[in-house]
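First up is the structure itself, then whatever we jot down about it.
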Amino acid sequence: MKLSIAEALRKAIYDEMQRDSNVFCMGEDIGIPGGYGGAFTVTLGLEKDFRDRIIDTPISEEGFFGIACGAAIMGMRPIVDVQYGDFLMSAADQIVNEIAKLRYMSGGKLKVPIVMRAPVGVTGRGAQHAQSLEPFFLSCPGLKIVAPATAYDAYGLLKAAIRDDDPVLVFEHKLLYGSKGPRQESGVLDASNEIPDEDYIVPIGKGIIRRKGKDVTIIASLLMMHFSLMAADMLAKEGIDCEVIDPRTLWPLDIDLILESVKKTGRVVIVEESPKQGGIGAEIGMQINENILDYLISPIIRIAAPNTPVPFAPKMEKSYVPQPEKIYNSIKSLFQ
Amino acid sequence: MKKSEIDSEKIKEDIHKKVLNEIGEQKALEMFQKMIEIRQFEERLKLLFLEGKMPGTIHQYIGMEACAVGACSALNDDDVIASTHRPNGHAIAKGISMDELMAELYGKSTGCCKGKGGAMHVGDINKGMLPAIAIVGGNIPIAAGMALAFQLRKEPRVSLSFFGDGASNEGTFHETLNMASIWNLPVVFICENNHYGASTSVKKVMKVENIADRACAYLMRSDIADGMDVLDVYYSTKEAVDIARNNGGPTLLELKTFRLCGHSRRDPNNYMTKEEIEYWKAKDPINLYQDFLIQENVLKIEQVEKIKEMVEEKIDKALEFAENSPEPKPEDIYEDLYVTMEVPR
């Protein structure tokens, strides 16, 4: 059946809750009858099937992330979410100091199988409901980080995350959810897929080549991956053949897939929606440098948001987010 | 409040007799020995630390022994506890061996956390103790989460969170008490009010006299016990634990206690008054309990020295174990982070 990302995530949660009675959800507004099923409808209606395991919380992110951590240590498999990725900062102590470190501090005697979901992306809401905070958590050993850009991956990666024995952060993009009804966003992209009616997972740590090409490797996740595909189409008309890699997992990075591609193309462009300072591009770019510098024909290019908070005014906002045209222009200049 | 006057001697006498009757002489003596173990272990650590023999830092539990021993004695083996940056008392009381504890403090691979935890993170989940959390207030939601797991699986187990007066000013304290209350979680929040957050007096950072009163904001049951009186602590904890185990919900239990030592390292307590220290020294929990046990004919004064010597030997043995244990190898850094993957290098 054809599902949006929001529907695919919902189905993944439903299927895993059916399969394993230790799986439960915790979050704000996730299971209120007559409510929204979380900020973007992902858990809509699940409370009808799992009354005791869809737990609506007060607005206490640090508290309920910690509660999920404790439950996970005692053998449960919590899925917690924040309404906007920005609110991860309210829970940051539990994520960074406890969830990510407890197994290590215990000398490997315990595990923290927790899934943390966070919607990211710039969507006309100003500076505090817009950030792509992946880079912050990328610098925290102990976490795994995934970022599904399609419904197929959303279903498979979320299931893999729920079954994983380590803590997994799942970044989802507001413009890719395909949320319907009153929670629909403007400016959305269609990321829906046919979802096979079978029990599959997308393994954590495996990227995918979204478009094959020989001239330049573009690496991008979430919305930027879709924008990169658009730019690649435009560039194809100019005779520039782009390979687009969607890492799908940001940590552990599928560096082998990236290196193989770069060895072939010799050119790299990394696109991200977060500011350039301390970004994902810095991490991926340096890994390429460290491993296969000799293969590079031109310097690695980072296309990122400005080193500022997200502005509100629609004109500024549009300029803040790397648009397909910007990706197109940057890559075209590589060949002039 | 269950006991309107916590210092009422009459009430306490009743409690002491009741508890002794309930736990029996053997357990009463075991609790006495545990308190001595904690005291002497901490005193030895101080020497080892000052001599520069032990790596890391120290946060000592001297003066607070009644809290850990009284509370942990009220638990079943499969109940769990969560501790703080001052965890040695809780670790010994919950049954982590002195060998593994000392080895952890020495950063050896035989330590209870294989040398990856250290002085502020000792624990062993297999013995029901979460590795201690050294972020003030950080363990409070985790303890509630362990209780949520018990509740969801309908297991008759209880979780207990130890934290200090300082932690009751953290957001996690308030967020968690609220959630534990609305969800009726089987958790007991034990605030060891030792009257100082590092060097800062509680009087300077909160207006309430009793931290237990903060429970009323969440319509949670609360209680106060004398944290220098091991049987009083046992009594109040047991009551709270029994209520939690029988789906009666959480309790905020405040233990009025005092550090008869510095906050950490070489802290000479210059921020405490002499009178204050003398007042609390007169309530030394080990002396109080010893007097009671002698008065009740459970303990003879001659036995006390023997117990102390036995404990010293146990500490000697633990020290020897720690010193003779192998150091972790540098490549062990990469072990024990993830369950299902190697650390990317």
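Coordinate-derived values only; no laboratory data. Just so we're clear, the structure is a prediction, and the values are computed from it rather than from any experiment. Glycine also receives a Cβ, built like all others from the backbone with ideal geometry; neighbour counts cover every protein chain displayed.
Taking the Cα atoms only, what angle lies between the long axis of helix A:255-265 and the longest principal axis of chain A, rounded to 10 degrees? Around 20 degrees separate the two axes. Count Lys and Arg as plus one, Asp and Glu as minus one, and take only other residues whose Cβ is under 9 Å from that of B:Val311; the net charge is then -1.
Students often get this wrong: which residues of the stretch B:248-278 have the backbone nitrogen under 16 Å from the point 7 angstrom along Cα-to-C-beta of B:Asn76? Correct set: B:248-249. A dipole drawn for the stretch A:24-172 from +1 and -1 charges on Cβ atoms has a positive end, and of A:Gly27, A:Gly126, A:Val115 the residue lying farthest that way is A:Val115. For A:Trp251, the residues whose amide H sits under 5 Å from its own are A:Ile145, ignoring neighbours fewer than 5 places away on the same chain, with H placed 1.01 Å from N. FRET efficiency for the pair A:Glu194 and A:Leu293, taken as 1/(1 + (r/R0)^6) with r the Cβ-Cβ distance and R0 = 35 Å, rounds to 0.30. Most simply put, chain A has about 20% antiparallel DSSP beta bridges, counting only bridges with both residues inside it.
A convex hull fitted to the Cα coordinates of the protein assembly as shown yields 165 cubic angstrom per residue.
Evaluated with a Cβ-only charge set (Lys, Arg +1; Asp, Glu -1), the stretch B:9-324 carries a dipole of roughly 780 debye about its Cα centre, given to the nearest 20. Defining a contact as two alpha carbons under 8 Å apart and six or more residues distant in sequence, what relative contact order in percent does chain B show? Over chain B, the number comes to 22 percent.
By other beta-carbon atoms within 10 Å, ranking A:Ser333, B:Ser83 with the fewest at the front produces A:Ser333, B:Ser83.
Backbone phi angles across the stretch A:216-223, fed through the Karplus curve with coefficients 6.51, -1.76 and 1.60 (θ = phi - 60°), yield HN-Hα couplings of 8, 9, 9, 10, 7, 10, 6, 4 Hz in residue order; Gly and Pro are listed as x.
For the stretch B:200-278, applying the loop criterion from DSSP together with a ceiling of 15 other beta carbons within 10 Å to the chymotrypsin sites (Phe, Trp or Tyr not before Pro) yields B:Tyr271.
If the viscosity is 0.890 mPa s and the temperature 25 °C, what translational diffusion coefficient in µm²/s does Stokes-Einstein give for chain A when Rh comes from Kirkwood over Cα pairs? Approximately 122 µm²/s, per Stokes-Einstein. Enumerate the lysines that A:Lys2 could reach by cross-link, defined here as Cα to Cα under 26 Å, with residues fewer than 8 away along the same chain left out. Cross-link targets: A:Lys11, A:Lys48, A:Lys159, A:Lys174, A:Lys180, A:Lys206, A:Lys212. Full extension of the chain between B:Tyr279 and B:Ile182 yields a length gain of 31.0 nm, computed as 0.36 nm times the residue separation minus the alpha carbon distance. Shielding value for A:162-170 is 2, the average number of Cβ atoms from other chains within 10 Å of each residue's Cβ. Sequentially through the stretch A:287-298, phi angles give Karplus couplings (6.51, -1.76, 1.60; θ = phi - 60°) of 5, 5, 4, 5, 9, 9, 3, 5, 7, 6, 8, 9 Hz, Gly and Pro residues having no value and appearing as x. For the stretch A:317-325, just list the computed ³J(HN,Hα) in residue order, Karplus coefficients 6.51, -1.76 and 1.60, θ = phi - 60°, integers in Hz, with x standing in for Gly and Pro. Rounded to whole hertz, the list is 4, 5, 6, 5, 7, x, 8, x, 4. Packing, as the average of other Cβ atoms within 10 Å across residues, places the peptides A:150-159, B:141-150 in the order B:141-150, A:150-159, highest first. In chain A, the longest principal axis of the Cα atoms and the axis of helix A:61-73 are about 80 degrees apart.
Listed highest first by mean packing, meaning other Cβ atoms within 10 Å per residue, what order do A:82-93, A:98-109, B:11-22 come in?
Going from most to least packed, we get A:98-109, A:82-93, B:11-22.
Charged side chains reduced to their Cβ positions (Lys and Arg at +1, Asp and Glu at -1) give the protein assembly as shown a dipole of some 1400 debye around its Cα centre.
Oblate is the label for the stretch A:1-85, because a/c, from the alpha-carbon gyration tensor with a ≥ b ≥ c as root eigenvalues, is 1.5 or above and a/b does not exceed b/c. Of all DSSP beta bridges confined to the stretch A:208-334, the antiparallel ones make up roughly 20%.
Measuring max minus min along each principal axis, the C-alpha atoms of the stretch B:1-112 give extents of 47, 28, 25 Å (largest first).
Positive-end ranking of B:Leu231, B:Met310, B:Asn246 along the dipole of the stretch B:9-324, with charges on Cβ about the Cα centre, is headed by B:Asn246. Membrane-span-like helices of chain B, defined as complete DSSP H segments with a Cα extent of 27 Å or more along the helix axis and a mean Kyte hydropathy of at least -1.0, are identified as B:9-50, B:301-324.
Relative contact order of chain A, taken over Cα pairs closer than 8 Å and 6 or more residues apart, is 16 percent. Ordering A:Phe227, A:Phe64 by the number of other Cβ atoms within 10 Å of each residue's own Cβ, fewest first, gives A:Phe227, A:Phe64.
The mean sequence separation of alpha-carbon pairs under 8 Å and at least six residues apart, normalised by the residue count of the stretch A:2-194, gives a relative contact order of 26 percent.
Hydrodynamic radius of the stretch A:208-334 by the Kirkwood approach over all distinct alpha-carbon pairs: 14.5 Å. With neighbours defined as other Cβ atoms within 10 Å of a residue's Cβ, the residues A:Glu283, A:Glu198 order from fewest to most as A:Glu198, A:Glu283. Per-residue ellipticity at 222 nm from helix content only, as computed over chain A with -39500 (n - 2.57) for each DSSP H run of at least four residues, stands at -10000 deg cm²/dmol.
Of all lysines in the structure, those lying under 19 Å Cα to Cα from B:Lys34, and not within fewer than 8 positions of it along the same chain, are B:Lys46, B:Lys94, B:Lys127, B:Lys238, B:Lys283, B:Lys300, B:Lys306, B:Lys308, B:Lys314, B:Lys317. Per DSSP H run of n ≥ 4, the term is -39500 (n - 2.57); total these for chain B, divide by its residue number, and report the mean residue ellipticity at 222 nm rounded to 500 deg cm²/dmol. Value at 222 nm, helices only: -14500 deg cm²/dmol.
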